[in-house]
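Below you'll find the structure, written out as structure tokens, and then a few comments.
The values are calculated or read from the model by the stated rules, or taken from the named source; none is laboratory data. Computed from a prediction, not measured in an experiment: that's the story for all the values here. As a convention, Cβ positions derive from the backbone with ideal geometry for all residues, glycine included, and neighbour counts pool all protein chains shown. To get the accessible areas, we keep the full protein, side chains included, count just its heavy atoms, and leave off ligands, DNA and RNA. Shrake-Rupley method; radii C 1.70, N 1.55, O 1.52, S 1.80 Å.
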Amino acid sequence: MRATSKAEQERRLTYAQAIREALAEEMERDPSLLLLGEDIGEPGGVFGVTQGLLQRFGAERVLDTPISEEAVIGTALGAALLGVPTVAEIMFSDFATLAMDQIVNQAAKFRYMTGGRTSAPLVIRMVTGTAGATAAQHSQSLEAWFTATPGLKVVTASTPADAKGLLKSAIRDPDPVLFFEHKLLYNSRGAVPAEEYLIPLGEGRVMREGHDVTLVAYLYMVPRALKVAEELAREGISVEVWDPRTLVPFDREGLRRSLEKTGRLVIVHEAPRRNGFGAELAAIAAEEFFSLLKAPIKRVCGMNTPMPYAPELEQFVIPDEARIAAGVREVMRSALGSTSGGC
Amino acid sequence: MQSLAGYSPAFLKELYRKMVLIRRFEERAAELRSLGYIPGFLHPYIGQEAVAVGACAALGSHDYITSTHRGHGHILARGGDPRYMYAELFARRDGYNRAKGGSLHIANIELGIIGANGIVGGGIPIAVGAGLALKQARQLGSRHPDDPRARRADGVAVTFFGDGASNQGAFHESLNLAALWRLPVIFICENNLYGEFTPQHKHQTIRDIATRASSYAVPGLIADGNDVLDVYRVVSKAAEDARKGRGPTLVECKTYRQRGHYEGDMGQYRPAEEVAFWLEADPIKNYRRLLLSGKLCSEDELKALDQAVEQELEEAIAFAKASPHPAPEEALEDVFVESHGGRALL
Ligand SMILES: Cc1ncc(C[n+]2csc(CCOP(=O)(O)OP(=O)(O)O)c2C)c(N)n1
Ligand SMILES: [Mg+2]
């Protein structure tokens, strides 16, 4: 390891910069790696994530595409099947609906259908989540559609450092990976090591230690959960915030370790409650870790509605700090045997 | 019909043998299905053999194809081995896909077969991606000559699809993208006049699908899809353009599906005169006659080729029958690459 100054080790990057750095490093490392997406080249992407990459790596490798999601993902897949790793951007994950055949019927299944004789090193960057009055077609959190599709890995990083390390692993992974990036995280800052590092898929992270209740959150709900934990600490409730970081593979052991400490589980996500990833998480906890639980499991999720436009409606639909805190307090009050209402 | 001048007898005979191989492969598959050996769908390629054989004759070892639900012909023409194909249809362990794919998904990247496809139009964008990888191989070749991917620098990707598929967004998006990036992709539309049970005039307003090329400013060529040499000639031209960096071509091959849409469909919705017309235009029968009339080979020689095909298929079927069934737990393999979590991630 090269000696680095403390300042360099602690350099703070935004989530968008960290993603860009991961892309650049991997493009440097593998001269065949291609980026594809709408407006990712000259304009640097709608959220600026790919800024400068066209200038640095050229138009042969940073490919601005027509607005053709199905063809873009299929093209990325076809190249990947021939051994050319590709990273495709879906400008808003809502638009993945136009590429569902290529994601769900083709990419997810190619290896399986061919009896393990093909591999598709493909990453699809999915810009996701609600970011302030973007309404029903630009705000969705669709990760559970894809966690329900065997053959896809699903990454949901919440910090700049995690985003960088996980994206680098995703790019080197021989299977298709959907990499969800939350719009409201792009400008968030965090320490990112200057040295090269990878974060393996399938390892959750304790974001804040606690001993009363495990609060599972991912993407933009992580900073929100951390604020709630801070607030509840003043009430004497010790909240452990645990970020799975990747939903597939899912770190069962990490969840178990946290529940061994706390015995209580609250799950928060932005996606609608019905069939959200929280349902799977709750089922894993109930089936596999029931004996560790001292209280019923609680989910605090998006409402089962499309995303409304008005800011006050949007705020109502997405779990806010008050609702998350209420969920935690409820779990602290209840014990197994008592019932828990929906939220 | 084409003139035989300029072709070697060996080449001409190989075209014949391949077409007969496909015809008899399909006829035997239908029999085997009725005997219970094949659990899944079969969409016979009978009647369209000249398209797959003529097109694949224009391809080399660094070229790739994507195919369709009616894919056996393309796969055989591209060098697929009937043993592993029947084993796959029988859902046996020695199948190309280890019994996980079946007729709709046979693939073998080493042979340049990126796969049949169960989704109408699904293979088209994937071929564009193969074209992108091939274009990159040219660029890679100059900068990183050691990269093994640079070897396929003169490759082309061919995507086969039907008249029905030409109404899919995937077709239009893909042709636009390949045209824009001048990718070495050949779009081969097999217009067999039906999409499932629907005749062409009830699913689109045009007769010549090749005209759709003009929307994307690429050449749109029409070949007689029942004439193997015409298909070869037209696809060779498209391949030459693609290899020289001139971008994609849309080739429409006019042909006919002699059977129903799938094995078991009697195809009674087709007018009798239409069927009779196209049976008369049978690609193998006519090509055989041409070879004989051109005195390129004797009746005995062709019979010997027929016989060799029968023998090869007989052996392939015996191989498939002897191949073991998969063990149920094999269902848990191959979702993810084993070294990256594999079965543990399920
Ligand atoms: C996306 C999709 N829609 C519908 C089907 C059902 N289907 C299978 S084959 C077929 C007809 C396809 O027609 P065409 O493209 O002309 O090919 P052909 O069968 O004539 O070879 C249909 C509708 C399918 N497999 N995939
Ligand atoms: Mg058709």
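Some notes on this structure:
- Pairs of lysine residues in chain A - Cα separation under 23 Å, sequence separation of 8 or more or cross-chain: 13
- Highest-first packing order for the peptide set B:277-289, A:255-267, B:326-338, A:121-133 is A:121-133, A:255-267, B:277-289, B:326-338, based on the mean count of other beta carbon atoms within 10 Å.
- Using equal-weight Cα scatterers in the Debye expression, the normalised intensity of region B:67-118 in log10 at q = 0.13, 0.18, 0.26 Å⁻¹ is -0.21, -0.42, -0.92.
- Taking the C-alpha atoms of region A:205-333, convex hull volume expressed per residue in Å³: 98
- Distance between region B:114-128 and region A:60-79 - C-alpha centres, whole angstrom: 15
- Taking region A:270-289 and a reference point 7 angstrom along Cα→Cβ of A:R256, the backbone N atoms nearer than 17 Å belong to A:281-289.
- Stokes-Einstein translational diffusion, region B:9-340 - Kirkwood Rh over all Cα pairs, 1.002 mPa s, 20 °C, in µm²/s: 105
- Neighbourhood charge, 15 Å Cβ-Cβ cut-off, centred on A:S334 and excluding it, Lys, Arg +1 and Asp, Glu -1: +4
- Computed over the Cα atoms of region A:29-166, pair by distinct pair, the Kirkwood hydrodynamic radius stands at 15.6 angstrom.
- Whole-Hz ³J(HN,Hα) from phi, Karplus 6.51 cos²θ - 1.76 cosθ + 1.60, for region A:87-104, glycine and proline x: 10, 10, 9, 9, 4, 9, 4, 3, 7, 4, 4, 7, 10, 4, 4, 5, 6, 8
- Computed log₁₀ I(q)/I(0) - Debye formula, equal Cα scatterers, no solvent, chain A, q 0.13 Å⁻¹: -0.98
- Accessible surface of region B:159-238 [probe 1.4 Å, protein heavy atoms]: carbon and sulfur percent: 50
- If you sort B:Y64, A:Y220 by accessible surface, 1.4 Å probe, largest first, the order is A:Y220, B:Y64.
- Mean separation of Cα contacts under 8 Å (6+ apart) over length of region A:7-191, as relative contact order %: 27
- Region B:159-206-region B:275-312 distance, computed between alpha-carbon centres (Å): 30
- Across chain B, C-alpha contacts under 8 Å between residues 6 or more apart give a mean separation that, scaled by the residue count, equals a relative contact order of 21 percent.
- Surface accessible to a 1.4 Å probe, per residue, for the residues of chain A, Å²: 36
- Residue among B:G131, B:G260, B:G294 with the largest mean-square fluctuation in a Gaussian network model of chain B, springs linking Cα atoms under 10 Å: B:G294
- A Förster radius of 56 Å, combined with the Cβ-Cβ distance separating B:D208 from A:A233, puts the computed FRET efficiency at roughly 0.15.
- Between the alpha-carbon centres of region A:212-273 and region B:218-258 there is a gap of 59 Å.
- Region B:206-282: trypsin sites (Lys or Arg not before Pro) falling in loop per DSSP and having at most 14 other Cβ within 10 Å: B:R207, B:K244, B:R246
- Here the Gaussian network model covers chain B, with springs between Cα atoms less than 10 Å apart; of B:F197, B:F25, B:F90, B:F197 fluctuates the most.
- Working from Cα pairs under 8 Å separated by at least six residues, relative contact order for region A:208-248 is 57 percent.
- Lysine pairs within region B:9-340, Cα separation less than 18 Å, 8 or more sequence positions apart or different chains: 13
- For region A:205-333, the antiparallel share of DSSP beta bridges with both residues in that region comes to about 20%.
- Chain B packed on chain A takes about 3800 Å² of accessible surface away from a 1.4 Å probe, both sides summed.
- Here's the picture: a label point sits 7 Å out from the Cα of A:R189 along the beta-carbon direction, and within region A:12-40 the residues with their amide nitrogen under 20 Å of it are A:12-22.
- For region A:258-331, the fraction of 1.4 Å probe accessible surface lying on carbon and sulfur atoms is 57 percent.
- Dimensions of the protein assembly as shown from C-alpha coordinates, computed as largest minus smallest value along each principal axis and given longest first, are 98, 55, 50 Å.
- A:I199 contributes an accessible area of around 20 Å² to the protein surface, as traced by a 1.4 Å probe with all chains present.
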